[in-house]
Amino acid sequence: MSKAIYIATTEPNSGKSIVSLGLMQLLLGKAARVGYFRPIIDDFEKGTMDSHIHTIITHFELDLEFTDAYAYTRSEVVKQKNLDRDDEILGHIIHKYKAIEDQFDFILVEGTDFYW
């Protein structure tokens, strides 16, 4: 069974990314295979990556594809919410998390600033 820690804050721009970097460094000293997941990320330009995910994956050389490290972009969630699909949103987030759960001994989940 995989273990995870979820980092959450009560407001945006409160330092979750810095805490994530420190925790990832600590976790990699304790477990061989540590993954990273963000349920909802900010929209990004085509051909680029979310900077949080890119930084964690590249700096710590994680064996994790960018597209596996998140479930939705902010605009995708807004579209789903406008169609009253809250259950589907949660189901997809859980599905994406579970898809990487078996690959890692521990997963660091960086929560979202998107509140619904």
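The values are calculated or read from the model by the stated rules, or taken from the named source; none is laboratory data. Keep in mind that this is a model prediction, so the values were computed, not measured. Positions of Cβ are generated from backbone atoms using ideal geometry, with glycine treated the same way; all protein chains shown enter the neighbour counts.
Among the residues of the range 65-112, those that are of a type in the set (A, V, I, L, M), out of contact with any Pro (no Cβ under 9 Å at 6 or more places or on another chain) and in contact (Cβ under 8 Å) with a residue 40 or more places away in the chain comprise I100, I107, L108. One residue stands out among those in the range 89-116 that are closer than 22 Å to F44 by Cβ and out of contact with any strand residue (DSSP E or B) (no Cβ under 9 Å at 6 or more places or on another chain): the one that is modelled with the lowest pLDDT, which is W116. Taking the range 13-40 as the range and being among the aliphatic types (A, V, I, L, M) and farther than 13 Å from I57 by Cα as the test, the residues that pass are I18, V19, L23, L26, L27, A31, A32, I40. Taken over the range 34-80, the criterion of being basic (K, R), at pLDDT below 95 and either surrounded by 14 or more Cβ atoms within 10 Å (Cβ to Cβ) or not in a loop (DSSP other than H, G, I, E, B) (or both) is satisfied by R74 alone. Do any residues in the range 1-21 that are over 15 Å from R38 (Cβ atoms) have Cβ atoms under 7 Å from those of residues that are in a loop (DSSP other than H, G, I, E, B) and of a type outside the set (D, E, K, R), where the two are at least six apart or on different chains, and which pairs are they? Filtered contacts from the range 1-21: S2/F104. On inspection, D102 qualifies as over 20 Å from T9 (Cα atoms), exposed (fewer than 13 other Cβ atoms within 10 Å of the Cβ) and either touching a Ser or Thr at 6+ places or on another chain (Cβ under 9 Å) or of a type in the set (F, W, Y) (or both).
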